[in-house]
Amino acid sequence: YVTDTLTFGVDYAYTDATYDDFLGAPACPAANVNAAGQCDLSGFVLNFAPKHKGNAFVEYFNDSAFGDWGFGARANGAVSGEYFTDIGYSDASFENGYTVIGGSLRLVSPDEKYTIALIGKNLTEEVILQWGIPSGPNSLASLRAPREVAVKLGAKF
């Protein structure tokens, strides 16, 4: 807490994850086939393991902003470095890294029984590879959700 109404948070992760020994992988970049014809991924970075990743948020909440109604606002961001999503290490499975911005606005009734919120996710509409794998001459891939904006109504009974 920075003040009674303002909160700030941040986290960061550094990951140095590589295979010590990995002979005989089912898929292999052509340059990594050893003299015995085995795939050798020793020293390769693990899939879904970016070196750098982090999140930050700032949140404001005043429990009597509009008469007795509370008002809250939150902004958050997440960053990720590059990573592969498949053990074949093909271009189709490579995510360059991303920055995602989100936020919300909410009203809370005086008795905290009712809430109304406007929520936004991926507001800058980043295109993010969730997973990608080679499949013959083509590639199969899935992307993470695009921009999402929602209104949420809540009631406690």
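The values are calculated or read from the model by the stated rules, or taken from the named source; none is laboratory data. Given the structure is predicted, the values throughout are model-derived calculations rather than measurements. Glycine gets a Cβ as well: all are built from the backbone with ideal geometry, and neighbour counts include every protein chain shown. These area figures cover heavy atoms from the full protein model, side chains too; ligands, DNA and RNA do not enter into them. Shrake-Rupley method; radii C 1.70, N 1.55, O 1.52, S 1.80 Å.
General observations
- The residue that is farthest from Val79 (Cα to Cα), counting only those in region 1-23 that are at pLDDT below 90 and surrounded by 10 or more Cβ atoms within 10 Å (Cβ to Cβ), is Leu23.
- Flag if Asp86 is in contact with a Ser or Thr (Cβ under 6 Å, 6 or more places away or on another chain), modelled with pLDDT of 85 or more and within 21 Å of Ile128 (Cα to Cα): yes
- Qualifying residue in region 37-54 (condition: among the acidic types (Asp, Glu), farther than 30 Å from Glu112 by Cα and either assigned to a loop (DSSP other than H, G, I, E, B) or out of contact with any Lys or Arg (no Cβ under 7 Å at 6 or more places or on another chain) (or both)): yes
- Of residues in region 129-148 being charged (D, E, K, R) and part of a loop (DSSP other than H, G, I, E, B), the one most open to solvent (accessible area, probe 1.4 Å): Arg147
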